[in-house]
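Inspection log for the structure reproduced underneath, given as structure tokens.
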């Protein structure tokens, strides 16, 4: 096994037993980035100097026997998480020169353990997209096939982990932005329960859905990262006081668990190879002693509409802050105050971001509010109620993560409606604020990874990790050939 | 029904300058998206009368106590136009 194939837990042991230093490990990853990232294009900013400084600090800490779970582990972070003194672009021209004056809480928690942040990775502009092709900077490729998308919006995170250009990554998930790229790139990605991780310092998109989470080589690694970054934070009014031990159920038996299979997630719109792989994985759980129960989520057909309505409404409000005055891009072509704002926004935002702002404004404007926004909130309640009913009799739910494996670059990104519909398997989890993890459960005929999602009850993140880990233990993954 | 007049109005509300030449294209793209949103019309409010539809609850807000804030100079570093500790904008009143 090569060094880059090792899990965080294995690297932890190697570092603590002084088989390797963090400076050596960090240099190894920085060399891999130099060798491979010109093809993958996952990093927007590589923090070489700072990473090596942090690695040296980690080595001192390890020498004192004071290491924590992520001390000295090289990690990439999505470029919508603020890192003091390091440019944070959110994939947008609007933030081309933005240098945050503070760390995001999740990043601060990594640094407090002397984890090594290798750099900031690419994403769809303002996290609005599922392909990482709307990034103003790096249009990241899928390490399994460079002609395909890595998914998105955390495509840089997923590709950097799949190509072994980081041991793990932090991403964010508003409608599937961690799980779908994890699925496309053959890695494990988890969106924890809404409120589990503070979003302070995460560039806001749709605040009632946004969550930060890890992408890594395994569910165990995700649990380890979540135990570091989760917790209540006074800087985020939605962060929960509920304490979660993400590793609490690792290794617990699957026997006796009731796993829900919602029939609407296995319908006509789902690729036959995806369906087959996920059902085969479900059968593995049955062999482990779980009981599979067919359930129904009738409101799934309204989920995309409700999700895009609420997310766009919140985005139109959140993105009002980009006015060319306080921070971010400012047009040089304006004489009046009004021109300064409207032209800055015209020149600074990309097409998809503008569409969502306009849609959100439409939904919230007088005369349309009840028909759209209020209706979407009612559908949100219906979906929550349907999940509650499923989890009255089941412990977790199994679904495909995406309707298809990774598609070719340029295939559907130009069609917003097709792009939105591709999120059908992930958005209900955000709508209901639940924890969900995507793990690889197979490969299609072209060798592209297929992801399966495990969804759980709110704050029962440990069960979701337990179920994903049980499958991973007996599943052999295939590495991309770089 | 979306048309260029409504697009002009939405652009104004959104503080987005949009070229005349782009309006027709935006109307067509947005109309397809709004058609997708209209699938929600099948759901009637009576069906969900016991549901509140209130969105997120903010249960964990901190106490409203003043705390040390950011250093003004540090915050102003990201502004393109500034002077004497303030943001500078084009003249608003003649």
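Among the numbered conditions (1) away from chain B (no Cβ under 14 Å); (2) surrounded by fewer than 21 Cβ atoms within 10 Å (Cβ to Cβ), the only one that residue A:44 does not meet is (2).
Taking the criterion of being under 17 Å from residue A:199 (Cα atoms) and more than 20 Å from the chain's Cα centre (by Cα), the residues of segment A:233-248 that qualify are A:233, A:234, A:235, A:237, A:241, A:242, A:243. Taken over segment A:238-266, the residue count meeting the criterion of being within 14 Å of chain B (Cβ to nearest Cβ) and surrounded by fewer than 17 Cβ atoms within 10 Å (Cβ to Cβ) is 3.
As a summary of the residue check, residue B:27 satisfies the conditions (1) at pLDDT 95 or above; (2) within 7 Å of another protein chain (Cβ to nearest Cβ) except for the one numbered (2). Scanning segment A:349-359 for residues that are in contact with a helix residue (DSSP H, G or I) (Cβ under 8 Å, 6 or more places away or on another chain), closer than 19 Å to residue B:24 by Cβ and more than 7 Å from every other protein chain (Cβ to nearest Cβ) returns a single hit, A:352. When segment A:329-348 is filtered for residues that are under 26 Å from residue B:70 (Cα atoms), facing chain B (nearest Cβ under 7 Å) and outside any helix (DSSP H, G or I), only A:330 remains.
Name the residues in segment A:93-127 that are assigned to a loop (DSSP other than H, G, I, E, B) and either away from chain B (no Cβ under 14 Å) or within 20 Å of the chain's Cα centre (by Cα) (or both), would you?
A:103, A:104, A:113, A:114, A:115, A:122, A:123, A:124
For segment A:309-322, residues that are buried (at least 18 other Cβ atoms within 10 Å of the Cβ) and more than 7 Å from chain B (Cβ to nearest Cβ) total 9.
Listed residues A:362, A:369, A:373; which is more than 9 Å from chain B (Cβ to nearest Cβ), touching a helix residue (DSSP H, G or I) at 6+ places or on another chain (Cβ under 6 Å) and closer than 19 Å to residue A:305 by Cα?
Just one listed residue meets the conditions, A:373.
Residues in segment A:7-22 that are surrounded by 13 or more Cβ atoms within 10 Å (Cβ to Cβ), without any contact (Cβ under 8 Å) to a residue 24 or more places away in the chain and not in a helix (DSSP H, G or I): 1 in all. Hey, any hits in segment A:312-326 for a residue that's farther than 19 Å from residue A:360 by Cα and under 28 Å from the mean Cα position of the chain (by Cα)? The answer is no; no qualifying residue exists.
When you look at residue A:383, is it at pLDDT 95 or above and more than 7 Å from chain B (Cβ to nearest Cβ), yes or no? Yes. Among the residues of segment B:41-77, just one is modelled with pLDDT of 90 or more, at the interface with chain A (Cβ under 7 Å from one of its Cβ atoms) and within 24 Å of the chain's Cα centre (by Cα), namely B:75.
What about residue A:301, is it at the interface with chain B (Cβ under 9 Å from one of its Cβ atoms) and either on the phi < 0 side of the Ramachandran plot or in a helix (DSSP H, G or I) (or both)? Criteria met by residue A:301.
Of all residues in segment A:386-413 being farther than 15 Å from residue A:152 by Cβ and exposed (fewer than 15 other Cβ atoms within 10 Å of the Cβ), which is nearest to the other protein chains (Cβ to nearest Cβ)? If we take residues in segment A:386-413 being farther than 15 Å from residue A:152 by Cβ and exposed (fewer than 15 other Cβ atoms within 10 Å of the Cβ), then A:388 is nearest to the other protein chains (Cβ to nearest Cβ). When each of A:325, A:293 is tested for being more than 7 Å from chain B (Cβ to nearest Cβ) and either in contact (Cβ under 8 Å) with a residue 12 or more places away in the chain or more than 27 Å from residue B:42 (Cβ to Cβ) (or both), the lone residue that passes is A:293.
Scoring residue A:378 on the criteria (1) at the interface with another protein chain (Cβ under 8 Å from one of its Cβ atoms); (2) under 22 Å from residue A:138 (Cα atoms); (3) part of a helix (DSSP H, G or I) leaves a single failure, condition (2).
Here is a yes/no grid of residues against (1) touching a strand residue (DSSP E or B) at 6+ places or on another chain (Cβ under 8 Å); (2) under 27 Å from residue A:145 (Cβ atoms):
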position: A:411; (1), (2): no, yes
position: A:414; (1), (2): no, yes
position: A:436; (1), (2): yes, yes
position: A:448; (1), (2): yes, yes
position: A:455; (1), (2): yes, no
position: A:458; (1), (2): no, no
position: A:462; (1), (2): no, no
position: A:482; (1), (2): no, yes
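The values are calculated or read from the model by the stated rules, or taken from the named source; none is laboratory data. Small disclaimer: the values here were computed from a predicted structure and weren't measured. Positions of Cβ are backbone-derived with ideal geometry, glycine not excepted, and every protein chain shown enters the neighbour counts.
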